[in-house]
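Chemist: Quick one: the structure is below, questions incoming.
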Amino acid sequence: EAAERVASALLARGGGEGPLRELRQLAAVRGLASGHVRARAWPRLLGVSLDGFCREEYLEHCAGAHRDSATVECDIARSLWSFTRGWGDQARGERRAALQRVLTAAVVGSGRRAHYYQGLHDVAAVLLMVCGEYPAYAMLRALVAGHLRGCAGS
């Protein structure tokens, strides 16, 4: 599709303000048609880089707790059905465990300036399914500190 080719070309041009502005416009007007393009474009659009990603810090945040941990557990137990049709219980359970890690790490990693709210697991699930666990965490942290700040209390 033409939009995918344009998005790929913009992503290949680098992170300057011109290509970023064009990528934003393309995403808003035509959409990002494939998961592959979304996985590359979303971090760039959010200003997220995984270059300095610290796995140990992520795992430390995953092991933390926050005031809404019980609510997260309940929401996750009911989540991912539409993304995992035809999956076995074990595979779905593994993806749910990853979703819980992403959510917990994003809230705990915010220095508890952000809190969980109903529906944040849906945002995190889309990021997780399209981009993978670590990128989902990095993007969710950026979202709760920025675009979703009013909802997440950050």
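The values are calculated or read from the model by the stated rules, or taken from the named source; none is laboratory data. Computed from a prediction, not measured in an experiment: that's the story for all the values here. Cβ: placed from backbone, ideal geometry, glycine included. Neighbour counts: every protein chain shown. These accessible areas exclude ligands, DNA and RNA; they are computed on the full protein's heavy atoms, side chains included. Shrake-Rupley method; radii C 1.70, N 1.55, O 1.52, S 1.80 Å.
Chemist: Would a scan of segment 126-134 turn up a residue that is in a helix (DSSP H, G or I), of a type outside the set (Val, Ile, Thr) and closer than 26 Å to GLU17 by Cβ?
Modeler: Filtering segment 126-134 for residues in a helix (DSSP H, G or I) gives 126-131, 133-134.
Next, only the ones that are of a type outside the set (Val, Ile, Thr) stay: 127-129, 131, 133-134.
Next cut, closer than 26 Å to GLU17 by Cβ only: 127, 131.
Yes - at least one qualifying residue is present in segment 126-134.
Chemist: Which of the residues that make up segment 72-82 are open to solvent by less than 30 Å² (accessible area, probe 1.4 Å) and not aliphatic (A, V, I, L, M)? Steps first, please.
Modeler: If we filter segment 72-82 for residues that are open to solvent by less than 30 Å² (accessible area, probe 1.4 Å), which is where we start, we get 72, 75-76, 79-80.
Once the filter is applied, which keeps residues that are open to solvent by less than 30 Å² (accessible area, probe 1.4 Å) and not aliphatic (A, V, I, L, M), segment 72-82 yields ASP75, SER79.
Chemist: So which pairs qualify, if the first residue must be in segment 17-38 and more than 25 Å from PHE83 (Cα to Cα), the second must be open to solvent by 90 Å² or more (accessible area, probe 1.4 Å) and modelled with pLDDT under 85, the Cβ gap must be under 8 Å, and the two must be at least 6 apart or on different chains?
Modeler: If the second residue must be open to solvent by 90 Å² or more (accessible area, probe 1.4 Å) and modelled with pLDDT under 85, the pairs left are PRO19/ARG13.
Chemist: Could you tell me whether any residue of segment 2-22 is out of contact with any Pro (no Cβ under 6 Å at 6 or more places or on another chain), at positive phi and at pLDDT 85 or above?
Modeler: Step one: filter segment 2-22 for residues out of contact with any Pro (no Cβ under 6 Å at 6 or more places or on another chain), giving 2-9, 11-12, 14-22.
Retained after the next criterion (residues that are at positive phi): 14.
When the remaining residues are screened for being at pLDDT 85 or above, the result is none.
No, segment 2-22 contains no residue that is out of contact with any Pro (no Cβ under 6 Å at 6 or more places or on another chain), at positive phi and at pLDDT 85 or above.
Per-residue answers, yes or no, for (1) surrounded by fewer than 13 Cβ atoms within 10 Å (Cβ to Cβ); (2) at pLDDT below 85; (3) not in a loop (DSSP other than H, G, I, E, B):
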| residue | (1), (2), (3) |
| --- | --- |
| ALA33 | no, yes, no |
| ARG38 | no, no, yes |
| TRP42 | no, no, yes |
| LEU50 | no, yes, no |
| TYR58 | no, no, yes |
| ARG67 | yes, yes, no |
| ALA70 | yes, yes, yes |
| THR84 | no, yes, no |
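Chemist: While we're looking at this one, here's another question. For GLN100, indicate whether it is farther than 18 Å from GLY35 by Cα and within 14 Å of the chain's Cα centre (by Cα).
Modeler: Taking the combined requirement at face value, the residue satisfies it.
Chemist: Next question, about the same structure. Say whether the condition of being under 18 Å from the mean Cα position of the chain (by Cα) and among the β-branched types (Val, Ile, Thr) is met by at least one residue in segment 43-55. Don't jump to the end; show me each part of the working.
Modeler: So the first thing to find is which residues in segment 43-55 are under 18 Å from the mean Cα position of the chain (by Cα), and the list is 43-55.
From what is left, the residues that are among the β-branched types (Val, Ile, Thr) are 48.
Within segment 43-55, one or more residues are under 18 Å from the mean Cα position of the chain (by Cα) and among the β-branched types (Val, Ile, Thr).
Chemist: Got a number for residues in segment 61-102 being closer than 15 Å to VAL130 by Cα and hydroxyl-bearing (Ser, Thr, Tyr)?
Modeler: Looking only at that region, the number is 2.
Chemist: Would you mention how many residues in segment 86-104 are free of Cβ contacts under 8 Å to residues at least 24 places away in the same chain and either part of a helix (DSSP H, G or I) or exposed (fewer than 14 other Cβ atoms within 10 Å of the Cβ) (or both)? Before you say what the answer is, go through the steps one by one.
Modeler: The initial filter retains those residues of segment 86-104 that are free of Cβ contacts under 8 Å to residues at least 24 places away in the same chain, namely 86-94, 96-97.
Add one more test, that the residue is either part of a helix (DSSP H, G or I) or exposed (fewer than 14 other Cβ atoms within 10 Å of the Cβ) (or both), and what stays is 86, 88-94, 96-97.
Result for segment 86-104: 10.
Chemist: Just wondering, is there one or more residues in segment 129-147 that are surrounded by fewer than 13 Cβ atoms within 10 Å (Cβ to Cβ) and modelled with pLDDT under 85?
Modeler: Going through segment 129-147, the residues surrounded by fewer than 13 Cβ atoms within 10 Å (Cβ to Cβ) turn out to be 146-147.
Narrowing the set further to residues that are modelled with pLDDT under 85 leaves 146-147.
Yes, there is a match, as at least one residue in segment 129-147 is surrounded by fewer than 13 Cβ atoms within 10 Å (Cβ to Cβ) and modelled with pLDDT under 85.
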